[in-house]
Amino acid sequence: MTKQKRNLVNEVGPQPARVTLRPAVPADAAAIGAVFDAAVRAGWTYLGELVVEPMFAPQDWDELVADHLPPNLLLVAVDEAEGVVGYVAAHPEDGELFRRHSPARAASRQAALVRSEGAGAGAMMV
């Protein structure tokens with residue numbers, strides 16, 4: 001008997017949602033806040049009931065976007081079906097990430113994005 005070789009690339013299956021990275025725009029502010037709130041609820045459970053209410057006001061997210069115009073950087077990960085599912089902010093003069101958040105449900109998509117994009121901006125979403 002000969003084993004039949006299978007090429008995983010050619011197998012048909014459910015297509016993962018496509019996630020892209022792009023610079024944030026002012027219209028993303030509320031969605032960035034929602035991502036932060038979801039990440040807090042999922043990851044900061046040690047805060048108990050404090051995680052139920054948003055930690056920041058809508059204008060705080062507007063300021064975050066405004067504060068990250070070039071030369072600073074604010075990228076959003078956008079799922080074509082769900083909208084903004086993660087974000088990362090950086091200040092190049094510091095050489096460090098300023099913040100990064102993504103709810104647990106988006107983590108596997110972001111990891112896949114990083115693997116497909118390689119180094120560079122995509123690597124910041126890990």
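The values are calculated or read from the model by the stated rules, or taken from the named source; none is laboratory data. For clarity, every value in this text was computed on a predicted model and none was experimentally measured. Cβ coordinates were reconstructed from backbone atoms using ideal geometry, including for glycine residues, and neighbour counts include every protein chain displayed.
Some points to look at:
- Residue list for segment 38-49, filter: out of contact with any helix residue (DSSP H, G or I) (no Cβ under 7 Å at 6 or more places or on another chain) and either surrounded by 11 or more Cβ atoms within 10 Å (Cβ to Cβ) or touching a residue at least 40 places away in the same chain (Cβ under 8 Å) (or both): ALA38, ALA39, GLY43, LEU47
- Counted as qualifying within segment 57-126 are the strands (runs of 3 or more DSSP E) with 1 or more residues that are modelled with pLDDT under 85 and surrounded by 12 or more Cβ atoms within 10 Å (Cβ to Cβ), namely 96-101.
- All conditions in (1) over 19 Å from THR20 (Cβ atoms); (2) in contact with a strand residue (DSSP E or B) (Cβ under 8 Å, 6 or more places away or on another chain) hold for ALA34, with the sole exception of (1).
- For segment 4-56, a residue qualifies if it is modelled with pLDDT under 90 and acidic (Asp, Glu), and exactly one does: GLU11.
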